[in-house]
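Below you'll find the structure, written out as structure tokens, and then a few comments.
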Amino acid sequence: MSTTDQHDPLPVSATVDHASDSPEQRADLGAGIGSALSRRGFLRASALAGLGATAATVAACTAGAAPAWTFPPAPSINPAPSSAPSAAASAAASAAPSAVASAVPSAVPSPSLGNIPAGWSAHDVAARSKVRRFVGKLAVPLAGVYGPVAGAKLAEILGVADNYPELNELPEFAKVPQGNQPLAPTIVGDTKVFDLTIDNTQHQIDALTPPVAGFGYNNAWPGPVLRVTEGDKVRVNFTNNLGSTTGTHFHGIAFDDFFMDGVPFVTQLPQVSGTTEAYEFVAKPYGSMMYHSHHNATDQVGHGLLAAFIIDPKDSALSYKTKYGVTQEFVWISNDSQGGFTINGHGFPAVAPIVAAIGDVVLVRFMNEGIMMHPWHLHGYRMKVVARDGAPLGTAAFEADTLGVNPGERYDVIINVDRPGIWAFHCHILPHVEGPDGMFGMVNALIVTPKPVDLAPLLK
Ligand SMILES: [Cu+2]
């Protein structure tokens with residue numbers, strides 16, 4: 001990787017290349033942004049660099065027409081009119097050198113997408129909109145963290161000079177309820193007790209599409225993260241409010257009493273609605289486990305009855321914190337049926353990014369609750385794969401930038417974060433992640449900042 005690459009937090013569009021900007025222009029960008037980044041400074045810097053993708057900028061930088069999109073057009077997208085209104089065309093032409101303008105499509109208005117920059121398609125504008133929703137009002141302060149040059153590039157990529165509405169809105173992951181919330185047990189005698197309900201929910205995959213009629217443990221998709229220590233006596237009480245039967249399976253546990261395994265008509269009768277059932281077992285072995293419905297499961301798991309169950313090793317020398325110096329930990333549950341392609345119950349842009357700072361050691365616990373394999377690909381880094389199905393790989397640990405996780409499997413990976421950037425982190429089955437209106441579904445990002453950033457005040 002070249003030095004230049006290391007300072008490019010996002011790939012810059014091939015059609016907008018400012019590598020030829022003079023040193024003076026770059027200095028202007030720096031002066032306009034500074035370390036304490038302001039919105040006004042950012043907008044000014046963007047304008048200085050021609051970051052609004054004006055006809056002149058794009059015309060000067062574009063070589064050739066945009067590639068044709070090979071998917072059928074999405075119904076939600078209004079494609080660019082086949083012939084641009086003459087007023088817009090003439091306005092664009094007057095702003096661009098005439099010799100270039102004649103070879104480049106002019107910016108055209110779109111009823112739902114606003115102006116489509118010259119050389120772009122409706123797809124491009126819709127795809128940018130998804131990323132704008134993903135970062136929301138974090139865009140300006142987050143870009144500022146990377147310093148003036150990288151910050152200006154990020155501003156350009158998002159089109160911050162447009163002063164678009166999402167610059168004042170929460171990022172989409174903060175607009176929808178996020179599952180995987182920790183739930184502390186109560187201690188009853190020598191047992192850790194968790195009380196959960198099983199509910200009908202109205203679940204939002206993202207902030208714009210209508211809610212899905214789903215199910216949730218404690219009303220959440222995914223349900224609460226239950227965390228215990230190897231050897232703990234555990235009791236989990238489930239109160240079924242579904243109006244239909246269910247059964248709950250703790251996935252990966254070595255039960256002493258097989259009647260705790262949670263499979264209706266194999267190890268128990270189905271749990272009828274309005275009743276509370278207890279599952280009692282000793283937590284073993286340690287590792288990343290799950291709990292989910294094991295009854296009418298295509299429907300029930302597919303609609304949200306899925307969650308993480310984590311058993312920490314009794315010997316603290318075996319913990320990820322001790323072994324690898326883990327500073328941040330994330331649970332990443334994938335699903336792919338009744339709510340579409342989701343990470344932790346949400347599709348891009350409503351997925352919560354992994355935000356870390358240089359020096360962090362990030363643990364991701366992949367858990368596949370879906371019906372197909374997903375190859376998770378992290379840009380810019382290799383993941384050290386240290387456990388499969390909770391079992392430590394020991395000397396068989398390996399490194400990968402793409403890791404296939406099958407249904408039912410869990411993989412624990414360690415990422416040693418040593419370079420800043422905004423790194424795409426997505427399933428590499430392309431129809432799971434990109435469509436006619438841009439990225440969707442199983443797309444996320446590892447956001448590595450040069451220094452720790454407290455985003456909490458920005459998420460209110
Ligand atoms: Cu996939």
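The values are calculated or read from the model by the stated rules, or taken from the named source; none is laboratory data. Just so you know, these numbers come straight off a predicted model, no measurement behind them. Cβ atoms come from the backbone with ideal geometry, glycine included; neighbour counts cover every protein chain shown.
A few remarks follow.
- Counting only residues that are in a strand (DSSP E or B) and either away from the ligand (no atom under 11 Å from the Cβ) or more than 18 Å from MET383 (Cα to Cα) (or both), segment 420-434 holds 6 of them.
- Lone unmet requirement of (1) closer than 24 Å to ALA155 by Cβ; (2) more than 16 Å from the ligand (Cβ to nearest atom); (3) touching a residue at least 24 places away in the same chain (Cβ under 8 Å) for ASP454: (3)
- Just one of the listed residues (LEU318, LEU306) is in contact (Cβ under 8 Å) with a residue 12 or more places away in the chain and over 27 Å from HIS426 (Cβ atoms), and it is LEU318.
- When residues in segment 409-419 are screened for being away from the ligand (no atom under 16 Å from the Cβ) and either of a type outside the set (D, E, K, R) or not in a strand (DSSP E or B) (or both), 7 of them pass.
- Qualifying strands (runs of 3 or more DSSP E) (wholly inside segment 336-381; at least 3 residues being within 16 Å of the ligand (Cβ to nearest atom)): 361-368, 374-378
- Residue in segment 383-390 that is outside the structural domain of GLY304 (by TED's automatic domain parsing), farther than 30 Å from PRO313 by Cβ and either buried (at least 20 other Cβ atoms within 10 Å of the Cβ) or within 16 Å of the ligand (Cβ to nearest atom) (or both) present: no
- Yes/no for ASN406 being out of contact with any Phe, Trp or Tyr (no Cβ under 6 Å at 6 or more places or on another chain) and within 16 Å of the ligand (Cβ to nearest atom): yes
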